Amino acid sequence: MRTKMRLLGFRGAAVKPLNEEAAAELGAELLGEALVFGVGGLCLYLEYLRQAGQSRRREEHLEQTLSDLRQGLERLQRDLDELRAQGHAQGGAGHAQVASGHAQVTSGH
């Protein structure tokens, strides 16, 4: 009874001793409430862990996707550099062929 009174905010109030039946009933009620709050708190904690795990997996997936995109971009950049190097190695001859081919297509209309 003292514990219940303290939980309700009464400090130092004189409490008459309870008979055995009332004390057992009050103890069972407090135990039941503690059990309900404990289970509720556990459910909240487990849901938090589940959400945190999902968030972490989603972030890892995004990081992997970003890494794959960066690697693809680097590969494309290397390919572009190689093509430019091949174009420069062929010199102006490649440009002249493209220009004459363009002139032929234009005159064909």
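Structural remarks
- At 1.002 mPa s and 20 °C, Stokes D of segment 20-67 from Kirkwood alpha-carbon radius, µm² per second: 156
- Solvent exposure of segment 1-78 as accessible area per residue, Å², 1.4 Å probe: 92
- Percent of Cα-Cα distances greater than 20 Å, calculated over segment 1-84: 67
- Exposure of T3 as accessible area (Å², to 10), given a probe of 1.4 Å and all protein chains: 80
The values are calculated or read from the model by the stated rules, or taken from the named source; none is laboratory data. Since the structure is predicted, the reported quantities are computational estimates derived from the model, not experimental observations. The protein model used for the area step is the full one, side chains on, heavy atoms only, and it has no ligands, DNA or RNA in it. Shrake-Rupley method; radii C 1.70, N 1.55, O 1.52, S 1.80 Å.
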